[in-house]
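Let me begin by presenting the structure, written as structure tokens, before commenting on it.
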Amino acid sequence: MQFAPLRQRNFALLWWAGLISIAGDWTLRIALPIYVLQLTGSALATSGAVIAALIPTLLFGLVAGVYVDRWDRRTVLLVVSVLHGVTLLPLLAVDSAGGLWIVYAVLFIQSTLSQLFQPAENALLPNLVTAEHLPAANSLNTLNNNIARLAGPALGGLLTASLGLTGVVVVDAVSFLLSAALVAGIRGRFAVVRDADTPPLGVRRELAEGLRTAYSSPMLRALLGIVTAICVGEGIMGALFPVFVTGPLHGGARELGWTMSAQAIGGITGGLLSGRIAARIAPKQLLTWSLVVFGLIDLAIFNYPRWTGVMWPGLALFVIVGVPSVLSGVAWMTLLQGAVGDAYRGRIFSLMMVLQSLAALLGAGLAGTLAARLGVMNLLTVQGAVPVLCGIGFALISSRLGDRPYPAVVSPERQPVAEAS
């Protein structure tokens, strides 16, 4: 059951396409900040690269979802993958600090394309597998991401040391073109078809329609509220994690690398186990308990240094926490896919991406403002409590909604068509 979706041709093609492109992208994500720092010697220039990649989410994220719901999702993935590969090539001309504007421009374009790619991929996936296999498919997608997260940075570091930025750019561009070739092999048409008698609503009205859909559904409100709260905590952790490793854990760059590898190994372990577990536990109950366990392990991670500065318990906990982390993500995604009809999925997933970015920014801002006042470990303890509170809150909401299947919101004038074979 766990690997059954990979026996379905269309899903297997999408899975391998994602693995190749994400691994290639991780190589660049590791190499590019190092290269910018080497060219400029400026941390400010490096942070500028982060900002250039973030702005498109805030500018175009919501509108991109409208077009994902208008166009064939497979075609979106195919075209965007090719454009991803081609628009990386200007980085080959960067050989001095004077070319920094090219780096920023490429990152801006790449991030803009991602606003279409990620919602299209998430909206397409439920049409490639049966409802019975959807939790397993989400689990395999998480496994995919964590394998790429483990392999990509190692490859990025190796290529940067041996071939410089040129080698990394070529590998990443080729990964996107290979991904496009795999997506091209997906059979079927995956578009939301508009009734011939219904005129187009226009981008603004379709965007408003998507936002109303999210607000009108108690289940969608709860799920989007959870991901927003979790991402505020992730923003806090992202800003303070290096401080935590080098401070309370008395580590350095090597130990920071160990903890990142431990997180990736935990994610892979969770991905291997989560499909089997998700098949046995209802998504609502799975989301509740996995969030609570995830938060409790986080609390242990960020508080055990109060009694000892030994590194190995933290590394072990980082591996263990990967299991409930993946389980909560699989349950959350399965519930979201079931709570909204295909006609709205692009807009809902785009809204999710925007909320994640804003929440992470808020979390990073809170970390910078409050860390000195409250202390790093105390603030990370608050972050660890967030999943626990989300799990308890979702349990209360679920009990109020009851155990009845929550109906997906379906557009009255547009119906999904997925002629996959």
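The values are calculated or read from the model by the stated rules, or taken from the named source; none is laboratory data. None of the values given here were measured: they were computed from a predicted structure. Cβ placement follows ideal geometry from the backbone for every residue including glycine, while neighbour counts extend to all protein chains displayed.
The table that follows gives values for the structure above.
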quantity: Some residue of region 303-317 being surrounded by 24 or more Cβ atoms within 10 Å (Cβ to Cβ), out of contact with any Asp or Glu (no Cβ under 9 Å at 6 or more places or on another chain) and within 27 Å of residue 279 (Cα to Cα); calculated: no
quantity: Pick from region 238-267, criterion hydrophobic (A, V, I, L, M, F, W, C) and within 22 Å of residue 143 (Cβ to Cβ), ranking: modelled with the highest pLDDT; calculated: 265
quantity: Checking residue 289 against (1) part of a helix (DSSP H, G or I); (2) buried (at least 18 other Cβ atoms within 10 Å of the Cβ), the condition it does not meet; calculated: (2)
quantity: Subset of region 295-324 [closer than 17 Å to residue 381 by Cα, in contact with a helix residue (DSSP H, G or I) (Cβ under 7 Å, 6 or more places away or on another chain) and of a type in the set (Gly, Ala, Ser)]; calculated: 295, 300, 314
quantity: Top-ranked residue in region 302-330 [being among the aliphatic types (A, V, I, L, M) and touching a Phe, Trp or Tyr at 6+ places or on another chain (Cβ under 7 Å); ranked as farthest from residue 223 (Cα to Cα)]; calculated: 315
quantity: Residue that is modelled with the highest pLDDT [pool: residues in region 187-202 that are over 28 Å from the mean Cα position of the chain (by Cα) and over 17 Å from residue 68 (Cα atoms)]; calculated: 199
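This table checks each residue for (1) modelled with pLDDT of 85 or more; (2) within 20 Å of residue 16 (Cα to Cα); (3) surrounded by fewer than 23 Cβ atoms within 10 Å (Cβ to Cβ).
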{"position": "35", "(1), (2), (3)": "no, no, yes"}
{"position": "44", "(1), (2), (3)": "no, no, yes"}
{"position": "53", "(1), (2), (3)": "no, no, yes"}
{"position": "64", "(1), (2), (3)": "yes, no, no"}
{"position": "70", "(1), (2), (3)": "yes, no, yes"}
{"position": "94", "(1), (2), (3)": "no, no, yes"}
{"position": "125", "(1), (2), (3)": "yes, yes, no"}
{"position": "131", "(1), (2), (3)": "no, no, yes"}
